[in-house]
Amino acid sequence: MPMKTKAALSFGLGRLDTPIGVALLVTDADQILCALDWEDYESRMRELLRLQHGDVVLQERPAPSGIRNALSAYFGGDLAALGAIKWRLGGTPFQRKVWAALADIPAGTTMSYGALAAQLGSPRAMRAVGHANGANPISVVIPCHRLIGADGSLVKYGGGLHRKRWLLAHEGVAFEAVASRTRTARQA
């Protein structure tokens, strides 16, 4: 008896010019955002999609205007505009828990990996939170850039630290001052 193979899922792949590069916008058949990554990290995005959804086929088509408009508004300074974007994720239950918590971190604020782990009731799960954060397929909208090191330093960002720095500055975070205050407090 021949083995049945699961058909590949089909997603739309649109592009949006932003101040920090071309964003790749992946939407499902319901026009819901399933991935947002950067053109220079397309292979990483495809791997995250494969890990979460299995075989996928990306077909070039513009992302829905609502998603494009909300992202353009965000990059134009309306930080609350991201809340209008509907998104859908695969992932493990723990990853989804981390991603939901990331979505609750307000624009203009940051949190350490350890603080997020503690908030989730698993204070020793800093590394697991870091791995889930790194597997976030919807950059910017699920604001993984708002997680920083316990000392206030910028650490790891799938789209490059230059983008993380830009996003935080765009949201009004004075991350250099945060890192300096934390270092000073530890030295006292």
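Quick one: is Gly149 modelled with pLDDT under 95, touching a Phe, Trp or Tyr at 6+ places or on another chain (Cβ under 6 Å), open to solvent by less than 30 Å² (accessible area, probe 1.4 Å) and of a type outside the set (Val, Ile, Thr)? The answer is no for Gly149. Residues in segment 65-86 that are small (Gly, Ala, Ser), within 17 Å of Ile20 (Cα to Cα) and surrounded by fewer than 17 Cβ atoms within 10 Å (Cβ to Cβ): Ser72, Ala73, Gly76, Gly77.
Here's the yes/no breakdown for (1) modelled with pLDDT of 95 or more; (2) out of contact with any Pro (no Cβ under 8 Å at 6 or more places or on another chain); (3) of a type in the set (Val, Ile, Thr):
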site: Arg127; (1), (2), (3): no, yes, no
site: Gly134; (1), (2), (3): no, yes, no
site: Val141; (1), (2), (3): yes, yes, yes
site: Gly159; (1), (2), (3): no, yes, no
site: Leu168; (1), (2), (3): yes, yes, no
site: Ala174; (1), (2), (3): no, yes, no
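The single condition among (1) open to solvent by less than 60 Å² (accessible area, probe 1.4 Å); (2) under 16 Å from the mean Cα position of the chain (by Cα); (3) modelled with pLDDT of 90 or more that Val155 does not meet is (3). Applying the selection to segment 1-60, what residues are modelled with pLDDT under 90 and among the polar types (S, T, N, Q)? Residues satisfying the conditions are Thr5, Gln52. Assuming Asn69 fulfils every condition listed in (1) more than 12 Å from Gly159 (Cβ to Cβ); (2) at pLDDT 95 or above; (3) touching a Leu at 6+ places or on another chain (Cβ under 9 Å) apart from one, which condition is it? With respect to (1) more than 12 Å from Gly159 (Cβ to Cβ); (2) at pLDDT 95 or above; (3) touching a Leu at 6+ places or on another chain (Cβ under 9 Å), Asn69 is out only on (3). Applying the set (1) over 24 Å from Arg163 (Cα atoms); (2) surrounded by fewer than 15 Cβ atoms within 10 Å (Cβ to Cβ) to Ser122 leaves exactly one unmet item: (2). When Gly130, Gly160 are screened for being at positive phi and either small (Gly, Ala, Ser) or open to solvent by 20 Å² or more (accessible area, probe 1.4 Å) (or both), only Gly160 passes.
I need every pair where a residue in segment 11-26 that is closer than 14 Å to Tyr74 by Cα and open to solvent by less than 10 Å² (accessible area, probe 1.4 Å) has its Cβ under 9 Å from the Cβ of a residue that is assigned to a strand (DSSP E or B) and at pLDDT 95 or above, sequence separation at least 6 or different chains. Final answer for the pair search is Ala23/Gly14; Ala23/Arg15; Ala23/Leu16; Ala23/Asp17; Ala23/Leu36; Ala23/Asp37; Ala23/Trp38. Restricting attention to segment 38-58 and to residues that are in contact with a Lys or Arg (Cβ under 8 Å, 6 or more places away or on another chain) and more than 26 Å from His162 (Cα to Cα), the residue that is most open to solvent (accessible area, probe 1.4 Å) turns out to be Asp55. Phe94: surrounded by fewer than 16 Cβ atoms within 10 Å (Cβ to Cβ) and among the aromatic types (Phe, Trp, Tyr), yes or no? Taking the combined requirement at face value, the residue satisfies it.
Hey, any hits in segment 127-149 for a residue that's farther than 28 Å from Glu42 by Cα, assigned to a loop (DSSP other than H, G, I, E, B) and more than 15 Å from the chain's Cα centre (by Cα)? So far as segment 127-149 goes, no, none of its residues is farther than 28 Å from Glu42 by Cα, assigned to a loop (DSSP other than H, G, I, E, B) and more than 15 Å from the chain's Cα centre (by Cα).
The values are calculated or read from the model by the stated rules, or taken from the named source; none is laboratory data. These figures come from a predicted structure and were not determined experimentally. Cβ sites come from the backbone with ideal geometry, for glycine too, and all protein chains shown count toward neighbours. When the accessible area is computed, the model is the full protein with side chains, heavy atoms only, and any ligands, DNA or RNA have been set aside. Shrake-Rupley method; radii C 1.70, N 1.55, O 1.52, S 1.80 Å.
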